[in-house]
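Have a look at the structure below, then the notes.
The values are calculated or read from the model by the stated rules, or taken from the named source; none is laboratory data. Quick caveat, the model's predicted, so the values are computed rather than measured. Note that we place each Cβ from the backbone using ideal geometry, even for glycine, and neighbour counts take in every protein chain shown.
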Amino acid sequence: MAVGTEHQLHMSADEASPSQKITSATLTSPRCSIDHLPSELLAVVFELATHLSNSDLQALRLTCHKWSEIVSATPTIWTSIECNLSELNARNFIVNLPSILRRSKALPIDIRLRLLSGNKQQDFDDVFASLAVHSSRIRSLTIISEESTGFNAFEKFWEDAALNADFLSSLHVDDRSQDTNSSAGANKPLVDTPSETRPRAPNLTSLTLGGRALGVLSMHDSRFLHVISLTFVNSTVEGIIPIFLSALANLPSLAHLTFRDMIQVSNSVIPPCFLSQALLSLTFKEIDVLCITTILRTLRHAPRLLSFIDCVSLPSELRVAADTLEICNPPHFFDAAAFVQEWSGTKLILQSVHFKPLATTPVFFLPICLQEIELNDCCCYSIDALKDAVEQRLIDSGRSMIKRLTVREAGYEVEPAHIRWLRDRIPKVSWEE
């Protein structure tokens, strides 16, 4: 040891500078490193890093011998497989996929694959061949295909008689290839086998279909299907929309339905009363007013929750008696007051409304049965507008009393006196600036 260093170690605490204290502690304290953590604790740390991709896990294995052993021997961190399958990484992923699947042991697996353009048909076939070996463990499967060869490979995988999809609970298939020359899937059953006695995926509870995949919802037995989210419609395949909507009529357990990115739909392709049961929620997302009015007109029962999210246009008024109405990021010239005037629900949720309301009458005053208001990121509604609506409802005996008010991200400060005023008139008030 150098003389200077030895002198620093024997220096009193009062004489040592902050930097010298750090040097002294470093030289005299036992070495502290993540390598000294027990293997079981390191495994827990790796398990918590659920955002890691498969390539990240491979990098962990290359860090050192100990980490390689821990990562390879911890099956829970290999149960989520996600990859954007491109021309650059396809062969590497195909080579590693069997070992990744083996490392998850017998645990349920969740798979999300985006099949990008530029790959060969054989590449996609090899991927699904590896998945087929472990199909009985697949809990959720998401396939987003940007070219027809990827979607065709999935169809081949799904139609294999040896496929075991009994454990599958969530299936998301979105074909974005815009293949106008192919009619594949127009009448093929995706959820069920040709047998009329047993569905292909008996425990399927969540289904999302997009593009050409909509046309494969010709089901023989769909009593187990509980949730459907419709995400995309490709108008180039003739007859897809009526096939899909006709299949919905045979879903007695359907509870949540979402229409998203839909093209214009004429009345001629909508089956009358295609939904015979009441839904817990019906959501329109990124959809135009013609689709909305056409579908709402065919409903036999109002849903409990009716949501409009990022819609480019909305009807001028709403005549569906949904108990809860949610409007998120409406078009700029949307007249909320006129829209809810005929609505008879009890809870109104407004989110991301940033423009000045067109009507002078507070929208919260108009619905007769309104009891609960929730405003999220709605800086356009001032505290004075809220107070006016509450005051008017208290005066009008023909309207119900507001029982709950929730405001989040108001965008402005409110004096405590205003909050006290609201709480004197509304039983439950929650305000977050």
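Some points to look at:
- Meets criteria (touching a Lys or Arg at 6+ places or on another chain (Cβ under 8 Å) and closer than 30 Å to Lys120 by Cβ) for Leu85: yes
- Every residue from segment 128-165 that is within 23 Å of the chain's Cα centre (by Cα), within 22 Å of Ser104 (Cα to Cα), at pLDDT 90 or above and not β-branched (Val, Ile, Thr): Arg137, Arg139, Ser140, Leu141
- Arg198 being modelled with pLDDT of 85 or more, surrounded by fewer than 19 Cβ atoms within 10 Å (Cβ to Cβ), within 30 Å of Ser281 (Cβ to Cβ) and of a type outside the set (S, T, N, Q): no
- Residue within segment 90-113 that is loosely packed, with under 12 Cβ neighbours inside 10 Å, under 28 Å from the mean Cα position of the chain (by Cα) and not polar (S, T, N, Q) present: yes
- Being modelled with pLDDT under 85 and crowded, with 16+ Cβ neighbours inside 10 Å is a condition met by no residue of segment 309-317.
- In the set Ile138, Ile94, only one residue is in contact with a helix residue (DSSP H, G or I) (Cβ under 6 Å, 6 or more places away or on another chain) and not assigned by TED's automatic domain parsing to the domain that holds Leu204; that residue is Ile94.
- All of Leu305, Leu386 fail the test of being surrounded by 17 or more Cβ atoms within 10 Å (Cβ to Cβ) and not assigned by TED's automatic domain parsing to the domain that holds Trp421, apart from Leu305.
Here is a yes/no grid of residues against (1) assigned to a loop (DSSP other than H, G, I, E, B); (2) in contact with a Lys or Arg (Cβ under 9 Å, 6 or more places away or on another chain):
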position: Ile287; (1), (2): yes, yes
position: Thr293; (1), (2): no, no
position: Leu306; (1), (2): no, no
position: Ser316; (1), (2): yes, no
position: Ala338; (1), (2): no, no
position: Phe355; (1), (2): yes, no
position: Ile373; (1), (2): no, yes
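- Candidates Leu275, Leu299, Leu279: the one that is under 14 Å from Ile228 (Cα atoms), at pLDDT below 85, out of contact with any Phe, Trp or Tyr (no Cβ under 7 Å at 6 or more places or on another chain) and part of a loop (DSSP other than H, G, I, E, B) is Leu275.
- Residue in segment 326-333 that is over 26 Å from the mean Cα position of the chain (by Cα), aliphatic (A, V, I, L, M) and under 19 Å from Ile368 (Cα atoms) present: no
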